[in-house]
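Here the structure is laid out as structure tokens; the discussion comes afterwards.
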Amino acid sequence: MITEEKRKVLELFAQGRKLYKLMQFPEALKYFGEALKSDQNDGPSKVYYLRCKHYIDNPPPEDWDGVFVMKTK
């Protein structure tokens, strides 16, 4: 059974992911940040939160397909 708190995190993550795919990174960042307020150990929200921060500073090309390409190890 899923807890109400986890359900909230999943809903916030899903909304953030939709915005992320639409390249609306500042808006997506807010949803991932809210998810992390509810569960600071939520791995997927952490990953996407950091990716949004990266893309806000370094926007992907207009034909971006949603794939994150690591440039460093």
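Bear in mind these aren't lab numbers, they're just calculated from the coordinates by the rules spelled out. Predicted, not measured: the structure shown is a model, and the values here were computed from it. Note that we place each Cβ from the backbone using ideal geometry, even for glycine, and neighbour counts take in every protein chain shown.
Here are some notes:
- Given +1 at the Cβ of Lys and Arg, -1 at the Cβ of Asp and Glu and no other charges, the dipole of segment 4-57 around its Cα centre is 160 debye to the nearest 20.
- Converting the Cα gyration tensor eigenvalues of the chain into ellipsoid dimensions via √(5λ) gives semi-axes, longest first, of 23, 12, 10 Å.
- Contact order relative to length of segment 18-73, as percent, for alpha carbon pairs under 8 angstrom and 6 or more apart: 35 percent
- Within-14-Å neighbourhood charge of TYR31 [Cβ basis; K, R +1; D, E -1]: +4
- Put in line by how crowded their Cβ is, counting other Cβ atoms within 10 Å and starting with the fewest, GLU11, GLU5, GLU62 read GLU62, GLU5, GLU11.
- Helix 25-38 axis, angle to the chain major axis (alpha carbon atoms, nearest 10°): 30 degrees
- 0 to 90° range, to nearest 10: angle between helix 43-57 axis and the chain longest Cα axis: 30 degrees
- Modelled spin labels at ASP57 and ILE2, positioned 7 Å past Cα toward Cβ, are 3.3 nm from each other.
- Axis of helix 4-21 versus longest Cα principal axis of the chain: the two differ by about 10°, to the nearest ten degrees.
- Sequence of VAL67, VAL9, VAL47 once ranked by neighbouring C-beta atoms within 10 Å, starting from the fewest: VAL67, VAL47, VAL9
- Panel order for PHE25, PHE32, by other beta carbons found within 10 Å of each beta carbon, from fewest to most: PHE25, PHE32.
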